[in-house]
Amino acid sequence: MSYQKNLSYPTSPKNDQVDNYHGTLVTDPYRPLENPDSVETKSWIEAQNKVTFGYLQEIAAREKIKQRLTKLWDYEKYSVPFKEGNRYFYFKNNGLQNQSVLYTLKTLNDEPTVLLDPNTLSEDGTVALSGTAISEDGHFLAYGLSTAGSDWQEWKVRDIETGKDLKDHLKWIKFSRASWTNDSKGFFYSRYDEPNEKTKLEDVNYYQKLYYHKLGTPQSEDLLIYNRPNQKEWGFDGDVTEDGRYLIISVWKGTDPRNLILYKDLTNPKAEVVELIQEFESSFNFIDHDGSIFYFRTDSDAPRGRLIAIDTQNPAPENWREIIPQAKETLEGLSTINNQFVADYLQDAHSQIKIFDFNGKFLREIKLPGLGSVGGFNGKRNNTETFYNFTSYNTPGTIYRYDMVSGKSTVFRQPKVAFKAEDYETKQVFYTSKDGTKVPMFITYKKGMKLDGNNPTLLSGYGGFNISITPNFSVGSLVWMEMGGVHAVANLRGGGEYGEEWHQAGMKSNKQNVFDDFIAAAEWLIGNGYTKSAKLAIAGGSNGGLLVGACIIQRPDLFAAALPSVGVMDMLRFHKFTIGWAWTSEYGSPDNQQDFKTLYTYSPLHNLKPGTAYPATMITTADHDDRVVPAHSFKFAAALQAAHNGDAPVLIRIETKAGHGAGKPTTKMIEETADKWAFLVRTLDMKV
């Protein structure tokens, strides 16, 4: 390995902090790094970045990689169009714009006009559009803005015809959409109480409330629709039904997919909120309704999902009617278009779209171009057209128009990227994890590659929160493969690929299964000639950052390099910051003695062994991440540098004016990817 010798790491601020967890004393010497605004933390950040960027600047291939990323990134990107009132709307990025621009047009053949360009809101592109809602008549746009990657949003309203903003200005919104009433006079949204301005990026978020905002009035006059002062962890999503009759309130608690369903009759000003689903036992996603008949996608008695009908006049579970039964595939979602159900399934982690009538009779399956991911199929109940996006590991997102009557798909927008898709191939393999479970993995690489064990390979995964990782095109991955790299993605337990049972097999006391699945994926790649340990890197973000951290600690010998990004590294204090408490439904709580024992066994921060040679590691985080606060990465970097005994570099790259990832400007994404690939080029001894 051609590492830079004698890296001198900054001295990390320490104290003598010791915590007592159920009789177990746990030291936390880097606790001072939890304060991002202290002088010593700021000095540490500056010193760490100096070391990291000094290391990266000496890598000759870095600038070449950045130029190639920039060239390939420069292509038009479209979102799936949607329609409200008599207008179509879609997002477009010309190629290298920091943020995508929202356009509108009255017919698909018209010249589109710019409705909102977030690039004009800040010089560096760090103000991002983080939510939109169009009024039923197509006259108004409610939109949310996030600054520097924060989860906090401010919402405004724009007159679509004039392009001018109204005076409406809503603040302290987080984890919320906006949903208009059918008279287009206002919308429902959820917010928290005003936080402490100085500590708003670290403080816990409790007591969300659901409000109605009437256009033209100050936020102080917004009508409180629903809250639960006795349930600080409950959050509320309010959605108006297509016909405007009902407000459907989904009550969530943390990241647990199980929810409650409440509703309110909007035709009766005196109507109370009615509790329909009253226990957190299953997930219920409202799809549509016929009068008092409500349709839900649920995993109740169906871990892979089914469609049921509940009559609100007779709502007892024994009276629920099954419309589409559970299949061997996982039912991810449903929409109603042309008076039919469009069902989005996952078959071994790739999309499958089927259409049913309102009695649940199967009508047809939509033929897709290959093994990939589909998004879209939005629309109104009586629409006969809809749009969808198809992408795969070697197919940039292509937008199709679909005729619900003829069943025909036609290309609406196809991006032109300067590469040949036919030069690359994707395989799906199934390997065996430690306990015998079969786990799928996608492997993509240049055709003609030799399986001689010498290929630089990047293995990534997530494995948590019921989130499914499906095929997706990435310029960064393409450049990695152009350089001779293998791109492997493992569909680990803890995700949603095979429904709720698959999810539960990788959460709480079963979390070790996720790490075992990932380690088994690495061993399979080595055993089947794709790579060897000296050429193998692993990567993951957020919960995937935890995955990477845990695996380099459990098997430091197995990997040459690691790229944990915005990871949850301190499993004993994650619940004490911002929305971290919400993850206890996934991880368990350190306040519970049994959960503590599990968390303590794999927490990356607490399982480093002094004197161990760990893989070359570049941790990435951002100073404005208020989802997984940067203290996780700060403390882990300090502890890893102190424990590490080897020549491999252990670096932390701390982005400024950025957050957990959503809304990150194109320039920052290109720079970060170039730095990651440059780091791997050097540590894996690649010839570029």
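The values are calculated or read from the model by the stated rules, or taken from the named source; none is laboratory data. Keep in mind the model is a prediction, meaning the values are calculated, not measured. So basically every Cβ, Gly included, is an ideal-geometry build from the backbone, and we count neighbours across all protein chains shown. Just so you know, the surface numbers come from the protein's heavy atoms only, side chains and all, with ligands and any DNA or RNA stripped out. Shrake-Rupley method; radii C 1.70, N 1.55, O 1.52, S 1.80 Å.
Note down the relative contact order for the chain as a percent, whole number, built from C-alpha pairs under 8 angstrom at least six residues apart. Show your work: numbers first, answer last.
Working: 1672 pairs, mean separation 86.7, N = 688.
RCO, the chain: 13 percent.
Using 7 Å Cα-to-Cβ label points, what is the Asp19/Glu318 separation (nm, one decimal)?
4.8 nm
What stretch of the chain, leaving out the sites themselves, is the longest with no GluC sites (Glu not before Pro) in a DSSP loop having at most 12 other Cβ atoms within 10 Å? Can you show the working numbers first?
Values: sites that count: Glu58, Glu123, Glu161, Glu197, Glu272, Glu279.
So the longest stretch without any such site is 280-688.
Take the eigenvalues of the Cα gyration tensor for segment 31-147, scale each by 5, and report the square roots as semi-axes in whole Å, largest first.
Working: eigenvalues 309, 97, 16 Å².
Semi-axis lengths for segment 31-147 are 39, 22, 9 Å.
For the chain, which whole-number percentage of the solvent-accessible area (1.4 Å probe, protein heavy atoms only) is attributable to carbon and sulfur atoms?
Values: 12720 of 27770 Å².
Accessible surface attributable to carbon and sulfur in the chain totals 46 percent.
By DSSP, what percent of the beta bridges with both residues in the chain are antiparallel, rounded to the nearest 5? The partial results should precede the final answer.
Values: 122 of 145 bridges.
Taking every DSSP beta bridge with both residues in the chain, the antiparallel ones total about 85 percent.
What share of Cα pairs, in percent, lie more than 41 angstrom apart in the chain? Mind showing how you got there, number by number?
Numbers: 65823 of 236328 pairs.
Tail fraction, whole percent: 28.
Simple spin-label model, 7 Å along Cα-to-Cβ: Asn86 to Asn196 in nm?
In this crude spin-label approximation the distance works out to 5.4 nm.
Output the pairs from Lys328/Lys447; Lys328/Lys434; Lys198/Lys676; Lys328/Lys511; Lys198/Lys635 with a Cα-Cα distance over 27 Å in this structure; if there are none, say none. Could the numbers behind the result be given before it?
On the way: Lys328/Lys447 32 Å; Lys328/Lys434 24 Å; Lys198/Lys676 32 Å; Lys328/Lys511 25 Å; Lys198/Lys635 21 Å.
As for pairs spanning more than 27 Å Cα to Cα, those are Lys328/Lys447; Lys198/Lys676.
Hey, got the dipole for the chain? About the Cα centre, +1 on K and R Cβ, -1 on D and E Cβ, debye to the nearest 20?
Working: 76 positive and 85 negative charges, 357 e Å.
Charge dipole of the chain: 1720 debye, to the nearest 20.
Quick one: which of Lys367/Lys408; Lys167/Lys209; Lys66/Lys450 span more than 18 angstrom between C-alpha atoms?
On the way: Lys367/Lys408 9 Å; Lys167/Lys209 23 Å; Lys66/Lys450 27 Å.
Cα-Cα > 18 Å for Lys167/Lys209; Lys66/Lys450; rest within.
Please work out the FRET efficiency for the pair His169 and Tyr207, using the Cβ-Cβ distance as r and a Förster radius of 22 Å; give the result to the nearest 0.05.
On the way: r = 22 Å, r/R0 = 1.00.
Calculated value: 0.50.
Give me the compactness ratio for segment 303-392, meaning the Cα radius of gyration over 2.2 N^0.38 Å.
Details: Rg = 14.0 Å, N = 90, 2.2 N^0.38 = 12.2 Å.
That ratio works out to 1.15.
Taking only protein heavy atoms into account and a 1.4 Å probe, give the accessible area per residue of segment 122-235 in Å². List each step's numbers first, then the result.
Details: 5310 Å² over 114 residues.
Using a 1.4 Å probe on heavy atoms only, each residue of segment 122-235 averages 47 Å².
If you project the alpha carbons of segment 162-274 onto their three principal axes, what span does each projection cover, largest first, in Å?
39, 38, 23
Tell me which aspartates and glutamates have Cα within less than 14 Å of Lys171's Cα, excluding those fewer than 8 residues away on the same chain?
Asp151, Glu154, Asp193, Glu194, Glu197, Glu221, Asp222
Straight-line reach from Lys380: which lysines have a Cα under 16 Å away, not including same-chain ones fewer than 8 places off?
Lys83
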